Structures are given as structure tokens and as C-alpha cells.
Amino acid sequence: MTQRTRVPLAVTTSGKPEDSRVARARAAARQWGLPFIPRRKKEPLGPLLESAADAFIVFERESVSLWDQEGSFSFNPGMAHLRRLRILSGQVGGDDALVRVAGLRAGDQFLDCTLGLGQDALVAALVVGPSGRVVGLEKSLALHAVVSEGLEAYDYGPDSARVEPVLADSHAYLRALPSGSFDVVFFDPMFEKPKKSQPAFEMLRRFAEHAPLTSETLEEARRVARRWVVVKGSKYSDDLKKLGLEAEPGSHYTSVIWGRVPAR
Ligand SMILES: C[S@@+](CC[C@H](N)C(=O)[O-])C[C@H]1O[C@@H](n2cnc3c(N)ncnc32)[C@H](O)[C@@H]1O
């Protein structure tokens, strides 16, 4: 028997896959530069997490999920779905904070530099509508893989733009863009002081890029923006203050605060 080298991340399928799913998982693994580890009929994932990889991207019948020893996560539009419903039912501007602070409107081009679970990007996609554009950058390959597959299958409906997920470091991506490429550039970096959160966010925390947003990246974003750069932060952290940003007036009932600087 050949000894497998354990890798940090690999791709597999659920235990009883059809040929088409195996082919799709293999192709995705090739595209992401990850090993594909075939799963025998009914073979449990637990032993593979011991022997073959620290984490797996698993192509299941209905979705693509990320598994490690501590849990699993698959794309779920969750709160974004509720926010979109509120917007669709005409309650907005009333009152989605991202939409208000970013001054988003139909036809806008929106660059989300921290795509994460894709929730804010989905809200932006509905507001900018089919004539607008939303690009979502994510540096973590594991998160990009699961969220981009989820977004691919998401039912956007006729009133929304689609989110275009890109695997990239936001600083490098911004540097390569011409000035004034997007109306709004948005950052929602990982908070310095984590509070306990939903299981999906705990999983996100384990796989996410944690380096804080720097003044250099913020300046690149101001060059790339045509109107605003918007930064989401936490009341319990001084991340915004360190960047010289004032919190915009907002609700007292949430721990989220928003900073905004004009384009250069
Ligand atoms: C707090 S989450 C964003 C959540 C997101 N706004 C949502 O609605 O689901 C931050 C995400 O940004 C990603 N990230 C952090 N630094 C990044 C960088 N330099 N380039 C691209 N992505 C980055 C992290 O990996 C993480 O997934």
C-alpha cells in the first residue's frame, strides 16, 4: 500500500457520487491546484481527515461544503436573503446600512475586497441590479472554493447582478487596476477582537485571512474608486480609528460600525 502525504486542503466527493459529480470535482481540483482524493462508496470522511488532508472541499449532491476536524460549512445566503427580501419589498433605503453608507444605486460597479461568505456582495448585487457589476475578492482558497460554487448555483432572479468571485489578495488586485475602475470599493476585514458568533462564522474564522487592512491598501482603494471606499468595523475594536476613519452615524443597537472615505 502506498503511503499518502497529508496535505492541508484537498477535494473529494460525497460517498456515493455519480460520474458527472466526480468529473466536476476533478476539474475544480485542477483549476484550484488542489489534489483530488477519490472517495470509495460509503467511505466516511473522518479517517480521510486523519490520514489524507487537514480539510476537504466536498462535492455533494446539492452543494459544495468545507470540512475539517471541527466541523463543516456550506454556502448559505442566510441573512443576505432576508436583506434582499427587504430591499425587494421596497423597504430600502429603509434601511440597509451597507446600501446607505455606500450610497449604492442601480448601475453601480461595486468591488468587494473581502468576499467572505458573500452576504454583503449579494445585497450589493441586488441594489446595483442587472446593469451594474459586483466583483468579490477572496484570498482564502478554501473559502473562495465553497462560496464561488454556492454563488454559481444561487438563484439571483431577474432584478440582480451576479456576483463575480475572484481568488485574489485585495492589495495586489487593486494595484493592478486602472484608477476609477469601480464606483464603490468595500472592505469588511476580520475584526481584531472576535466575539463568539454563528458556527458558519467560526469556520470562516479558521480559514480566513486575518491580516488587518493597511493604510497602503486603503489608499490604493481610493485611487480605484470613483465615489467611495467603505470599511465595515466593530465597536469593540479600534481598527477603523487606526486607519484614521470616523464611524458614520448609525444604529446604537448593533456592534457594527461603518467608515467611509471619498475617492481620490
Ligand atoms: C469578515 S469576512 C467578510 C464577510 C463578508 N462581508 C460577508 O458578507 O460574508 C472577511 C473575509 O475577507 C477575506 N480577506 C481578508 N483579507 C483579504 C485580502 N487581503 N484579500 C482578499 N480577501 C481577504 C477573509 O479571508 C475573509 O473571508
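Here is how the numbers come out for the structure above:
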read-out: Answer from F36, F75 - the residue that is within 18 Å of A200 (Cα to Cα) and buried (at least 17 other Cβ atoms within 10 Å of the Cβ); value: F75
read-out: Residues that are under 15 Å from A25 (Cβ atoms) and touching a residue at least 40 places away in the same chain (Cβ under 8 Å), drawn from segment 56-77; value: F56, I57, V58, F59, E60, R61, S63, V64, S65, L66, S74
read-out: Segment 244-264, residues that are more than 20 Å from D108 (Cα to Cα) and crowded, with 19+ Cβ neighbours inside 10 Å; value: L245, I257
read-out: Some residue of segment 146-163 being under 27 Å from F73 (Cα atoms) and assigned to a strand (DSSP E or B); value: yes
read-out: Matching option when the condition is within 9 Å of the ligand (Cβ to nearest atom), more than 26 Å from A176 (Cβ to Cβ) and in contact (Cβ under 8 Å) with a residue 12 or more places away in the chain, among A121, A80, A97, A106; value: A80
read-out: Residues being within 25 Å of the chain's Cα centre (by Cα) and either without any contact (Cβ under 8 Å) to a residue 60 or more places away in the chain or farther than 19 Å from L143 by Cα (or both) - total across segment 34-44; value: 2
read-out: Residue match in segment 230-252 (condition: under 21 Å from G118 (Cβ atoms), in a loop (DSSP other than H, G, I, E, B), more than 10 Å from the ligand (Cβ to nearest atom) and out of contact with any Pro (no Cβ under 8 Å at 6 or more places or on another chain)); value: no
read-out: Single residue of segment 164-175 satisfying the filter (in a helix (DSSP H, G or I) and not aliphatic (A, V, I, L, M)) that is nearest to P77 (Cα to Cα); value: S170
read-out: Meets criteria (within 11 Å of the ligand (Cβ to nearest atom) and not basic (K, R)) for D188; value: yes
read-out: Every residue from segment 124-143 that is surrounded by 22 or more Cβ atoms within 10 Å (Cβ to Cβ) and within 11 Å of the ligand (Cβ to nearest atom); value: A124, G136, L137, E138, A142, L143
read-out: Residue ID - modelled with the highest pLDDT, chosen from residues in segment 176-212 that are under 21 Å from V123 (Cα atoms) and assigned to a helix (DSSP H, G or I); value: L204
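The values are calculated or read from the model by the stated rules, or taken from the named source; none is laboratory data. Because the structure is a prediction, the values reported are computed rather than measured. Positions of Cβ are generated from backbone atoms using ideal geometry, with glycine treated the same way; all protein chains shown enter the neighbour counts.
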